[in-house]
Amino acid sequence: MPLVLYSFLPYLNLRERYFGILLASLTSIISFGMLGFSATYAVFSFGIATALCMLLSAYFALLYATVNFKK
């Protein structure tokens, strides 16, 4: 997952890690969330479920980046 990869980069400070995680998650959430406007139920449910999973993944990646950050 690209979101968690930003947590492991040792040359990034905490603000840059947050920015990378938020930007990657925001684009994914928007693109999968747009599937929620579909009239087809299968596409709608896939888009909403994946967008919510990306939201949770972003939250845990931010949490991990904070805990794993060594000054």
Checklist outcome for this item: Contact list, first residue from the stretch 7-31 and more than 13 Å from Leu62 (Cα to Cα), second anywhere and modelled with pLDDT of 90 or more and open to solvent by 50 Å² or more (accessible area, probe 1.4 Å), beta-carbon distance below 9 Å, six or more apart or interchain, is Ile29/Leu52; Ile29/Leu55
Checklist entry - Quick one: Leu9 ticks every box in (1) open to solvent by less than 80 Å² (accessible area, probe 1.4 Å); (2) at pLDDT 90 or above bar one, so which box is it? => result (2)
Next on the checklist: Of everything in the stretch 27-45, what is aliphatic (A, V, I, L, M), within 27 Å of Leu12 (Cα to Cα) and surrounded by 13 or more Cβ atoms within 10 Å (Cβ to Cβ)? Give them in sequence order.
Outcome noted: Ile29
Checklist entry - How do the pairs read when you match residues in the stretch 51-64 that are buried (at least 16 other Cβ atoms within 10 Å of the Cβ) with residues anywhere that are modelled with pLDDT under 95 and outside any helix (DSSP H, G or I), using Cβ under 7 Å and keeping only pairs 6 or more apart or on different chains? => result Ser57/Met1
Checklist entry - Out of curiosity, is Ile48 part of a helix (DSSP H, G or I), modelled with pLDDT of 90 or more and surrounded by 13 or more Cβ atoms within 10 Å (Cβ to Cβ)? => result yes
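The values are calculated or read from the model by the stated rules, or taken from the named source; none is laboratory data. Fair warning: this is a prediction, and the values are worked out from it, not measured in the lab. Methodologically, a virtual Cβ is constructed for each residue, glycine included, from the backbone with ideal geometry; neighbour enumeration extends over all protein chains shown. Accessible surface areas use protein heavy atoms only, side chains included; no ligands, DNA or RNA. Shrake-Rupley method; radii C 1.70, N 1.55, O 1.52, S 1.80 Å.
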